[in-house]
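Input: a single structure, listed below in structure tokens.
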Amino acid sequence: QARKRFGQNFLHDAGIIGRIIRAINPQPGQRIVEIGPGMGALTQDLIAAAGQLDVVELDRDLIPILRTNLFRHLDTLRVHEADALKFDFSSLLHEPAEQLRVVGNLPYNISTPLIFHLLSYQSRIKDMHFMLQKEVVERMAAGPGDNNYGRLSIMTQYYCQVVPLFLVGPGAFNPPPKVDSAIVRLAPYTELPHPAQSLPALDLVVRTAFSQRRKTLRNTLKPLLEASHIESLGINPGDRPEHLSLQDYVRLSDLYFQLHPTPVTDTTDGSGAAE
Ligand code: SAM
């Protein structure tokens, strides 16, 4: 019986499961964590290929079912009954150079805060493959000028290369969700292409800019920066927030940080992460 509050839609389409596993391409010895394994639709193939696996599952009633379905691998499956939003992913890594691969057919209601939580471990993560609501993948991958471009695009692209892989229709799940889904690969950069002086400042500037996306930067950024400041960077204060690149936002936030070096509250934990 699927539980709505845990966002449970179980994959049953063997063709789609095979495609996801081929995209992930798990290799022997790799340290992989699966978030929300459910009854093990992806877990089986992941552990068979990697030879070991960590899983983080919140619904304790599913864990005995998962263990039964994975009885051949019980000695190499590590089950963490926990909320992935609060889980310390660095606890899975034992050596300094070790990196984690993350996989999840996520409950869609927690996907954005969970990804922000995972991005805080960016240097310890090799890659992440997620099943997400199609629109969320579109927002992550959007660039300047796209309708879907916003906070999620900029903060994800700050850390990761975003590679949308393929669409998955509702029929692949039981019960079928009301939305279309897509598989995305997020590959954190080893070296950030546009590092910001202060991450909280970047997040503050981006959130403020997109709080009213139809208005000009001069108006939306008024609480943080004057038009003359924006202009001093060669950015037109009459422009709309959706036309600026990630690099522009990094420059605006560095300027804001230089003018207001007092610590800003860290808002990158996913609260209100939708825009
Ligand atoms: N991976 C399975 C599959 O593909 O069939 C299940 C996918 S289902 C969409 C999402 C899974 O995440 C469920 O097993 C659910 O219980 C689990 N889950 C929900 N919220 C969670 C959380 N905060 N932390 C960890 N797991 C969670």
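The values are calculated or read from the model by the stated rules, or taken from the named source; none is laboratory data. Remember, it's a predicted structure, so these values are computed and weren't measured experimentally. Backbone-built Cβ (ideal geometry, glycine too); neighbour counts: all protein chains shown.
Odds and ends about this structure:
- Check on V79, under 25 Å from Q27 (Cα atoms) and under 11 Å from the mean Cα position of the chain (by Cα): no
- Some residue of region 188-195 being touching a helix residue (DSSP H, G or I) at 6+ places or on another chain (Cβ under 6 Å) and closer than 19 Å to F257 by Cβ: yes
- All conditions but one from (1) without any contact (Cβ under 8 Å) to a residue 60 or more places away in the chain; (2) away from the ligand (no atom under 11 Å from the Cβ); (3) surrounded by 16 or more Cβ atoms within 10 Å (Cβ to Cβ) apply to V56; the one that does not is (2).
- Lone unmet requirement of (1) touching a Ser or Thr at 6+ places or on another chain (Cβ under 6 Å); (2) surrounded by fewer than 20 Cβ atoms within 10 Å (Cβ to Cβ) for M131: (2)
- Filter result for the condition that a residue is closer than 20 Å to A209 by Cβ and of a type in the set (A, V, I, L, M), over A172, A142, A187: A142
- Hits in region 111-128 (condition: touching a helix residue (DSSP H, G or I) at 6+ places or on another chain (Cβ under 9 Å) and either within 17 Å of Q27 (Cα to Cα) or of a type in the set (A, V, I, L, M, F, W, C) (or both)): I115, F116, L118, L119, I125, D127, M128
- Which numbered condition I32 fails, given (1) among the aliphatic types (A, V, I, L, M); (2) at pLDDT 95 or above; (3) within 12 Å of the ligand (Cβ to nearest atom): (3)
- Taking region 66-119 as the range and being of a type in the set (F, W, Y) and modelled with pLDDT under 95 as the test, the residues that pass are Y108, F116.
- Residue ranges of helices (runs of 4 or more DSSP H) in region 186-244 with at least 3 members without any contact (Cβ under 8 Å) to a residue 24 or more places away in the chain and more than 21 Å from Q122 (Cα to Cα): 217-220, 227-232
- Extreme residue, nearest to the chain's Cα centre (by Cα), among residues of region 3-33 that are exposed (fewer than 13 other Cβ atoms within 10 Å of the Cβ) and of a type in the set (G, A, S): G18
- Of all the criteria given as (1) in contact (Cβ under 8 Å) with a residue 24 or more places away in the chain; (2) of a type in the set (D, E, K, R); (3) within 15 Å of the ligand (Cβ to nearest atom), the one not satisfied by R124 is (3).
- Where a residue in region 7-21 is farther than 22 Å from L114 by Cα and at pLDDT below 95 and its partner, wherever it lies, is in a helix (DSSP H, G or I) and of a type in the set (A, V, I, L, M, F, W, C), with Cβ under 6 Å and at least six apart: none
- Test: L92 is buried (at least 20 other Cβ atoms within 10 Å of the Cβ) and either under 24 Å from the mean Cα position of the chain (by Cα) or within 13 Å of the ligand (Cβ to nearest atom) (or both): no
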